[in-house]
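Enquirer: One structure, pasted below without further comment.
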Amino acid sequence: MMRLLCSLLSINVVLAASSLPFAKEFWTSPEFVNSFNGSYRINAELEPNLSTAERGLLVQMQEMMKSNKKSEVLSTLKASPLLQTSPSIQYNYANVLREKGELDSAISYYQQALRKLPSFRRAHANLGIAFFQSQKYDEAEKHLQEAVRLGSEDAIVKGLLGYCFANASRYEAALLSYRHALQVQPSFMEWQIGVARCLHSLGRLEEALRNYEGIAQAQPENLDIIFQISLIKLQQ
């Protein structure tokens, strides 16, 4: 029995530091959908003024998006010569591609928009999201960080950046990012799990245990959380 306990204790640090599964439901959660849909809005304060043609095309696109006509939106934007020259049109085209799950194509158009407008904050944020969904966390981190550097306070950006940091075992930075995300979305479970995981990996066992137990009360069916609680109690 003692040998088994010693063996378990020898691997618990690795288990604590390993990534907890990222919930697939995150991408359809109201928090993410509302944040992403907000990125379609015209933001004249941070981005160059749109031409009359660009504004007209985006208004037309938004009307079609209200009826969820994504394929029609793509056809309309693709038929416009502005898709070759306008970072705003390229960015919105990429947004629709991302929503349809065409991540590689979306990434390509976000990159085109950024080549024309490197300070395009929302393009950096959404490119980071697309890379994250493709599990290319190093690339995701780079663009999410750039979005933050350019002034983004979006909780989704901060939370996903926290996951990227944790995935690279940079737990102090991850903890800070998760806590920034929780300031805006205090009840969002993915960020709470991130905080608990970072505290556990940093050896702050009492704090981690309190956080995990709070999560377990909200998600009693989450076996990953129950396992993490068991690990901490074994360590103690």
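The values are calculated or read from the model by the stated rules, or taken from the named source; none is laboratory data. All values derive from a computational prediction rather than experimental measurement. Positions of Cβ are generated from backbone atoms using ideal geometry, with glycine treated the same way; all protein chains shown enter the neighbour counts. To get the accessible areas, we keep the full protein, side chains included, count just its heavy atoms, and leave off ligands, DNA and RNA. Shrake-Rupley method; radii C 1.70, N 1.55, O 1.52, S 1.80 Å.
Enquirer: Considering only helices (runs of 4 or more DSSP H) fully contained in region 57-173, which possess at least 3 residues that are at pLDDT 95 or above and open to solvent by less than 50 Å² (accessible area, probe 1.4 Å)?
Expert: 87-99, 103-116, 121-133, 137-149, 155-167
Enquirer: Within the bounds of region 188-197, is there any residue that is polar (S, T, N, Q) and closer than 30 Å to Ser105 by Cβ? Steps first, answer last, please.
Expert: Taking region 188-197 and keeping what is polar (S, T, N, Q), we get 192.
After this cut, where a residue has to be closer than 30 Å to Ser105 by Cβ as well, the list is none.
No, every residue in region 188-197 fails to be polar (S, T, N, Q) and closer than 30 Å to Ser105 by Cβ.
Enquirer: All but one of (1) surrounded by fewer than 17 Cβ atoms within 10 Å (Cβ to Cβ); (2) closer than 30 Å to Pro87 by Cα; (3) touching a residue at least 60 places away in the same chain (Cβ under 8 Å) hold for Val184; state the number of the condition that does not hold.
Expert: (3)
Enquirer: Continuing with the same structure: Within region 166-175, is there a residue that is within 19 Å of Arg122 (Cβ to Cβ) and touching a Ser or Thr at 6+ places or on another chain (Cβ under 7 Å)?
Expert: So the first thing to find is which residues in region 166-175 are within 19 Å of Arg122 (Cβ to Cβ), and the list is none.
Within region 166-175 (the criterion being within 19 Å of Arg122 (Cβ to Cβ) and touching a Ser or Thr at 6+ places or on another chain (Cβ under 7 Å)), the answer is no, since none of the residues qualifies.
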